[in-house]
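K.L.:
Structure below; questions to follow.
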Amino acid sequence: MFKIFESLVDPYTDYADDNTPPTTLWQFFFAYSQPFIRVFVLAAIMSIVVAAIEVGLIYYLGRTVDLLEKSPTKLWEDHGTEIIFVALFVLFVRPFLQMLNVLLLNNSILPNFGTLIRWRAHKHVLRQSVGWFENDFAGRIANRIMQTPPAAGEVVFQVFDAISFSIAYLIGAAVLLSLADPRLLLPMVIWFVLYAFLIAWTVKRVGPASHAASDARSSVTGRVVDAYSNIHSVKMFAHHNLELDYAKEAIDHTRDTFMAEMRLYTIMDVILVALNGFLIVGVVGWAVVLWAQGVASVGVVAAATALTLRLNAMTGWIMWALTTFFRQLGVVAEGMETIAQPIKLVDVPNAKPLRLEKGSLTLHSLTHHYGRKSGGLNSINSFIQSGEKVGLIGRSGAGKSTLVKLLLRFYDPDSGRIEIDGQDIANVTQDSLRLNIGMVQQDSSLLHRSVRANILYGRPDANEEDIIEAAKQARAHDFILDLVDPQGRTGYDAQVGERGIKLSGGQRQRVTLARVILKNAPILVLDEATSALDSEVEDAIQDTLYQMMEGKTVIAIAHRLSTIAAMDRILVLDNGKIVEDGPHSALLQNKGLYAELWNRQSGGFLTTGAVE
C-alpha cells in the first residue's frame, strides 16, 4: 500500500532545464508542481470529502438526539437499518477514506515534493558560474538548498490538509446551520468576517517577519560554516572570541527577528480566543432561544453546540495552519533568492562540442575587468602553438589567474575571444571545453571522499590499474597505502576529510596531480603545481610533470621562476597587458621586467608583493 502511493510521482522525472527560472512564488510553485497535478487534484477531492463527512457526523448527532425522543423499540423498528448503515460507515468507510487522504498527503506528496525541489534546485545551482559562487557564502547557499524544499512541502501540505479542508468545513457548517434555521447563520457570518480580518492582519505581517527570520537564520549558518571551514586560521590566530562575537551578532539578529514573529502569534491567539467566545455564545445562545420559542428542536441545539465547539477547536488550528502556510512561503521566497537566480554564463544555442585536433590557443584582444574599470586583462593578443610550453608570470594583480579563468570559461570576457584550434570557446559547450583542459591548482583542495574517488574524478571510467599508475607517477602511491581514517578504512578507501584536511599540503597536491595525470587532457594548465611540495619530492615530481607535458599545450604559472625557465616561451604580464614575450635567455638579455623579477628572487622565489 505504502509503495503504491510513494510511487505515484517520480521526483527525478525528466524536465527542461530553464536558465531563467520563475521569479514569483506562484510561478515557482506552478513550475515545480507539474508532475504532481494529478495527485494534487485527488488530494483536494479527498480533503473536501473528509470535511463533508465531519459535518455530516455533526448533522447526524443532532438527528440522533431528536430520534431519542422515541421509545427504544420504536426507534429500532423505524430507524434500525439506518443506524446500522451509519455505524458501518463510521467503522469502515470513514477510516478508509481518511486513510486515502493521509496516504496522498504523507506518502505521495510530502516525501516526493521536497525531493523534487531539492534535486532540481541543486542541479540548477551546480550550473551556476564560478563567479556566482564567489559572490556568496557556501554555507548560506547550502542552507537555502536544504530549508526551501521542506518549507515548500509544508506549504503544499497545509493547502490540502488545512486550507481546503477548513474551507469545505466552513461551507458545510453554513449549509447545516441554514437548514436548521437560516437565522443561525447571522452570528456565524459576523464571526467569520471578524475572523477573516484577523487572518488578513496576521498574514500581512507574518510573511515579511518570516522572510526576515529565515534570512537571519541563513546568515548565522553562513558565518558558522565560514568559521568551521577556516578553523585552522581561527586556531592559529587564537581568535575564538572574535569568531564568537561575529556569530553572536548574527545570532542576536536572528533572535530579534524570531521574537518579532512570535509577538504576532501571541496577539493572534488572544484575539482568536475572544472571537471564538463570541461564536459559541452567539450560535449556541441563538439556538437555545429558537428552541425556547419552539422553532428549533433539541437536536438542532445539540448540532449547533457540537458544531461551534468543533469550530472553536479548529480555528486555532486553521489560524496556525494559515500562518504556517505564509511563514513557510516566506522561507521559500528567501530560498528563491538563491535557487531561482538566472544562470548568466550559458552555452550558446546549438553549441557544439569542442573539436580538439592540435590544441593551439589564440587570444584575440582579450579584455576582462570583473565589472570594474580596472584590473584583470586589457586587450591582450597572443598565439600559443600546439604542443608549445608557455610560462606565465607577473606581479600580483597582473592578470595571470584571470587569463586561466577565461580559458576555462569560468567567466566570459568583456570583449575579445579565446580560440582553440580556431574555435571560439564561447561557441562550444562548457563541458567539452573543460574536459579537454587539465589543471593543477595552487589550492589543492579535495572532495570529502575516499582517495580513490578523488583520483577517479579525473576520469570516472578508469580502472583500478589506471588509478594506481597515476598515483605512482605523482609519487603518491606509497603514502596512500599507509593511510587509515577514523572509521578504519585504509589505503585508497581512506576518506581525506573536508577539502582534504586529513592530508598534508604535499599529500593533497600529489593526489591532485594524480587526478590530472589520470585525466590526461591535451591542454594542461599548471598553477603553482609544486608549491606545496618539499624539495626532494618536488625534484621527483618535476620529472613527472615533464612527462605529463609531452605532446600537450601547456600554460604554467609559477612564482618560482626557475621552474618555468625551461619553457619554450614566457609571457610576462603587467597591469593586464603582455609586456614581454620570449624564451628565458632572450628575456634576461632584454633587461626588462622579467630580468628584474629574476634578479629579485632569493632562493628561486619572487619577493613579497611581486607575484599574484
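The values are calculated or read from the model by the stated rules, or taken from the named source; none is laboratory data. Just so you know, these numbers come straight off a predicted model, no measurement behind them. Don't worry about glycine lacking a Cβ; one is built from the backbone with ideal geometry, like all the others, and counts go over all protein chains shown. Note: accessible area is taken over every heavy atom of the protein model, side chains too, but ligands, DNA and RNA are not part of it. Shrake-Rupley method; radii C 1.70, N 1.55, O 1.52, S 1.80 Å.
K.L.:
In the stretch 326-345, what residues are closer than 30 Å to GLY153 by Cα and assigned to a loop (DSSP other than H, G, I, E, B)?
P.N.:
Selection gives ALA340, GLN341, PRO342, ILE343, LYS344.
K.L.:
What tally of residues in the stretch 541-567 results from selecting those that are open to solvent by less than 30 Å² (accessible area, probe 1.4 Å), closer than 29 Å to GLY416 by Cβ and over 41 Å from the mean Cα position of the chain (by Cα)?
P.N.:
Result for the stretch 541-567: 3.
K.L.:
So which residues in the stretch 487-502 are part of a loop (DSSP other than H, G, I, E, B), in contact (Cβ under 8 Å) with a residue 24 or more places away in the chain and over 29 Å from the mean Cα position of the chain (by Cα), if there are any at all?
P.N.:
ARG489
K.L.:
Please pick out the residue among THR338, THR367, THR323, THR308 that is in contact with a Leu (Cβ under 7 Å, 6 or more places away or on another chain), buried (at least 20 other Cβ atoms within 10 Å of the Cβ) and among the polar types (S, T, N, Q).
P.N.:
It is THR308.
Residues checked against (1) touching a helix residue (DSSP H, G or I) at 6+ places or on another chain (Cβ under 8 Å); (2) at pLDDT 90 or above; (3) over 30 Å from HIS211 (Cα atoms):
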site	(1), (2), (3)
ALA238	no, no, yes
LYS248	no, yes, no
THR266	no, no, no
ASP269	yes, no, no
LEU279	yes, no, yes
VAL283	yes, no, yes
TRP286	yes, no, yes
LEU290	yes, no, yes
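Here's the yes/no breakdown for (1) farther than 30 Å from GLY397 by Cα; (2) of a type outside the set (Gly, Ala, Ser); (3) within 27 Å of the chain's Cα centre (by Cα):
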position	(1), (2), (3)
VAL270	yes, yes, no
LEU275	yes, yes, no
VAL283	yes, yes, no
ALA287	yes, no, no
GLY294	yes, no, no
GLY299	yes, no, no
ALA302	yes, no, no
VAL332	yes, yes, yes
GLY335	yes, no, yes
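K.L.:
Of everything in the stretch 83-127, what is surrounded by fewer than 18 Cβ atoms within 10 Å (Cβ to Cβ) and among the small types (Gly, Ala, Ser)? Give them in sequence order.
P.N.:
Matches in the stretch 83-127: ALA87 only.
Per-residue answers, yes or no, for (1) within 12 Å of the chain's Cα centre (by Cα); (2) within 19 Å of ALA333 (Cβ to Cβ); (3) at pLDDT 90 or above:
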site	(1), (2), (3)
PHE89	no, no, yes
LEU103	no, no, yes
LEU110	no, no, yes
ARG120	yes, yes, yes
TRP132	no, no, no
PRO150	yes, yes, yes
ALA162	no, no, no
ILE171	no, no, no
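K.L.:
Taking only the stretch 197-247 into account, find how many residues are under 26 Å from MET262 (Cβ atoms) and either of a type in the set (Phe, Trp, Tyr) or loosely packed, with under 13 Cβ neighbours inside 10 Å (or both).
P.N.:
7
K.L.:
Now for a separate question. Can you pull out the residues in the stretch 568-581 that are open to solvent by 10 Å² or more (accessible area, probe 1.4 Å) and touching a helix residue (DSSP H, G or I) at 6+ places or on another chain (Cβ under 7 Å)?
P.N.:
Those that are open to solvent by 10 Å² or more (accessible area, probe 1.4 Å) and touching a helix residue (DSSP H, G or I) at 6+ places or on another chain (Cβ under 7 Å): ASP574, VAL579, GLU580.
K.L.:
Which residues, taken from the stretch 1-27, are open to solvent by less than 80 Å² (accessible area, probe 1.4 Å) and among the aromatic types (Phe, Trp, Tyr)?
P.N.:
Residues satisfying the conditions are PHE5, TYR15.
K.L.:
Regarding ILE343, is this residue touching a Ser or Thr at 6+ places or on another chain (Cβ under 8 Å) and modelled with pLDDT of 85 or more?
P.N.:
Details: touching a Ser or Thr at 6+ places or on another chain (Cβ under 8 Å): yes; modelled with pLDDT of 85 or more: yes.
Yes.
K.L.:
Among the candidates SER374, SER401, single out the residue that is polar (S, T, N, Q), open to solvent by 20 Å² or more (accessible area, probe 1.4 Å) and not in a helix (DSSP H, G or I). Give the derivation first.
P.N.:
Numbers: SER401 fails: not in a helix (DSSP H, G or I).
Within the list SER374, SER401, the selection yields SER374.
K.L.:
Could you please find all residues in the stretch 58-75 being open to solvent by 100 Å² or more (accessible area, probe 1.4 Å), outside any loop (DSSP other than H, G, I, E, B) and either closer than 27 Å to LEU311 by Cα or at pLDDT 85 or above (or both)?
P.N.:
If the condition is that a residue be open to solvent by 100 Å² or more (accessible area, probe 1.4 Å), outside any loop (DSSP other than H, G, I, E, B) and either closer than 27 Å to LEU311 by Cα or at pLDDT 85 or above (or both), then TYR59 is the only one that fits.
K.L.:
Could you please find all residues in the stretch 248-277 being among the β-branched types (Val, Ile, Thr) and open to solvent by less than 40 Å² (accessible area, probe 1.4 Å)?
P.N.:
THR254, THR257
K.L.:
Here is a follow-up. Taking the criterion of being open to solvent by 20 Å² or more (accessible area, probe 1.4 Å) and farther than 18 Å from GLN430 by Cα, would at least one residue in the stretch 343-356 satisfy it?
P.N.:
No: the stretch 343-356 contains no residue that is open to solvent by 20 Å² or more (accessible area, probe 1.4 Å) and farther than 18 Å from GLN430 by Cα.
K.L.:
So if I check each of VAL93, VAL65, which one is within 22 Å of ALA173 (Cβ to Cβ) and free of Cβ contacts under 8 Å to residues at least 12 places away in the same chain? Can you show your working first?
P.N.:
Values: VAL65 fails: free of Cβ contacts under 8 Å to residues at least 12 places away in the same chain.
Of the residues listed, the single one that is within 22 Å of ALA173 (Cβ to Cβ) and free of Cβ contacts under 8 Å to residues at least 12 places away in the same chain is VAL93.
K.L.:
Another question about this same structure. Restricting attention to the stretch 128-157, which residues are touching a residue at least 60 places away in the same chain (Cβ under 8 Å), open to solvent by 20 Å² or more (accessible area, probe 1.4 Å) and not acidic (Asp, Glu)?
P.N.:
Scanning the stretch 128-157 gives SER129, VAL130, TRP132, PHE137, ALA138, ARG140, ALA142, ASN143, GLN147.
K.L.:
Can you give me the number of residues within the stretch 220-259 that are closer than 19 Å to ARG499 by Cα, aliphatic (A, V, I, L, M) and over 23 Å from the mean Cα position of the chain (by Cα)?
P.N.:
3
K.L.:
So which residues in the stretch 426-465 are acidic (Asp, Glu) and in a loop (DSSP other than H, G, I, E, B)?
P.N.:
From the stretch 426-465, those acidic (Asp, Glu) are 431, 443, 461, 464-465; that's our starting set.
ASP443, ASP461, listed by residue number.
K.L.:
Right, another one. State whether one or more residues within the stretch 290-301 are of a type in the set (Gly, Ala, Ser), touching a Leu at 6+ places or on another chain (Cβ under 9 Å), assigned to a helix (DSSP H, G or I) and open to solvent by less than 80 Å² (accessible area, probe 1.4 Å). Before the answer, list the steps.
P.N.:
We begin by selecting, within the stretch 290-301, every residue of a type in the set (Gly, Ala, Ser); these are 292, 294, 296-297, 299.
Remaining after also requiring touching a Leu at 6+ places or on another chain (Cβ under 9 Å): 296, 299.
From the residues that got through so far, the ones that are assigned to a helix (DSSP H, G or I) too are 299.
Now restrict to residues that are open to solvent by less than 80 Å² (accessible area, probe 1.4 Å): 299.
Yes, the stretch 290-301 has at least one match.
K.L.:
For the stretch 466-484, what are the residues that are open to solvent by 10 Å² or more (accessible area, probe 1.4 Å) and assigned to a loop (DSSP other than H, G, I, E, B)?
P.N.:
If the condition is that a residue be open to solvent by 10 Å² or more (accessible area, probe 1.4 Å) and assigned to a loop (DSSP other than H, G, I, E, B), then ARG475, ASP482, LEU483 are the ones that fit.
K.L.:
Picking from VAL511, VAL516, VAL525, which residue would you name as being surrounded by 17 or more Cβ atoms within 10 Å (Cβ to Cβ), in a strand (DSSP E or B) and in contact with a helix residue (DSSP H, G or I) (Cβ under 8 Å, 6 or more places away or on another chain)?
P.N.:
Within the list VAL511, VAL516, VAL525, the selection yields VAL525.
K.L.:
With ALA296, ALA306 as the choices, which residue is more than 19 Å from ALA51 (Cα to Cα) and in contact (Cβ under 8 Å) with a residue 40 or more places away in the chain?
P.N.:
Of the residues listed, the single one that is more than 19 Å from ALA51 (Cα to Cα) and in contact (Cβ under 8 Å) with a residue 40 or more places away in the chain is ALA296.
K.L.:
Related question: Answer yes or no as to whether ASP461 is in contact with a strand residue (DSSP E or B) (Cβ under 9 Å, 6 or more places away or on another chain), open to solvent by 10 Å² or more (accessible area, probe 1.4 Å), farther than 25 Å from SER401 by Cα and at pLDDT 90 or above. Write out each step before concluding.
P.N.:
Numbers: in contact with a strand residue (DSSP E or B) (Cβ under 9 Å, 6 or more places away or on another chain): no; open to solvent by 10 Å² or more (accessible area, probe 1.4 Å): yes; farther than 25 Å from SER401 by Cα: yes; at pLDDT 90 or above: yes.
In short, no.
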